[in-house]
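Reviewing the structure listed below.
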Ligand code: SF4
Ligand code: SF4
């Protein structure tokens, strides 16, 4: 048969030596490595009983923030959804009615806001894209479940509770705040 390339290589099956055929040196070598690791400090932890400390910049479950008066900051501009490389965010925008100023900060808000945690890669681009400081990633883990539908997080699980504010100061570094104040950037003018 005609070879596809000229890089073919003839493989010769090497005969095993007497020592190799005994297998004992290989078994002893393997046991030596096992014993070496047996007495070393373990790198595994008994999760979930024991939890590892996260890095200050760890990116976990998202939170949709409220402003200082408790109104939702998100204005359903869609920039987070556009920035998301995993297409994990969907939303439905709605107009704020008279009398709802205490609920929603802007004239437009997200009546539906969903993140598919199975698609999300926790890259943080939604947070970077948001001009309203409305979405942040926290150091909370997304709990595992066997049902796919339970990974679709809606506003009920994303919007921060009024009585239990989520501290996101670790994610608002000086550099990030400076970047977001730069009005020469289109998305900071929204
Ligand atoms: S963290 Fe990344 S992947 Fe997840 S929703 Fe935000 S932009 Fe999308
Ligand atoms: S970018 Fe911010 S304000 Fe715009 S839809 Fe996303 S979370 Fe809401």
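In this calculation the C-beta distance from residue 165 to residue 140 is compared with R0 = 22 Å, giving a FRET efficiency of 0.95. Quickly estimate the mean residue ellipticity at 222 nm for the chain, helices only: each DSSP H run with n ≥ 4 gives -39500 (n - 2.57), and the total goes over all residues, rounded to 500. The helix contribution divided over the chain gives -5500 deg cm²/dmol. Among 163, 67, 139, the order by Cβ neighbours within 10 angstrom, fewest to most, reads 163, 67, 139.
Per-residue Cβ neighbour counts within 10 Å put 125, 103 in the sequence 103, 125, beginning with the fewest. When only Cα pairs below 8 angstrom with a gap of at least 6 residues are kept, the chain shows a relative contact order of 22 percent.
Given axes a ≥ b ≥ c from the Cα gyration tensor, I'd like to know whether region 62-188 is rounded (a/c under 1.5), prolate (a/b larger than b/c) or oblate.
rounded
Between residue 125 and residue 46, the modelled label-to-label distance comes to 4.1 nm, taking each label 7 Å out from Cα in the direction of the beta carbon.
Under the rule a/c < 1.5 gives rounded, and otherwise a/b versus b/c splits prolate from oblate, where does region 1-132 land using the Cα gyration tensor? Here region 1-132 falls in the oblate category. Compare 29, 154, 124 in a GNM of the chain, Cα atoms joined below 10 Å, and give the one with the largest fluctuation. In this elastic network of the chain, the residue with the biggest mean-square fluctuation among 29, 154, 124 is 29. When the Gaussian network model of the chain links Cα atoms closer than 10 Å, the mean-square fluctuations of 26, 134, 94 top out at 26. For the chain, find the longest principal axis of its Cα atoms and tell me its angle to the long axis of helix 24-38, 0 to 90°, nearest 10. So the inclination is approximately 30 degrees.
Quick note: the coordinates plus some simple rules give every number you see, no bench work behind them. Quick caveat, the model's predicted, so the values are computed rather than measured. All Cβ positions, even for glycine, are placed from backbone atoms using ideal geometry, and neighbour counts span all protein chains on display.
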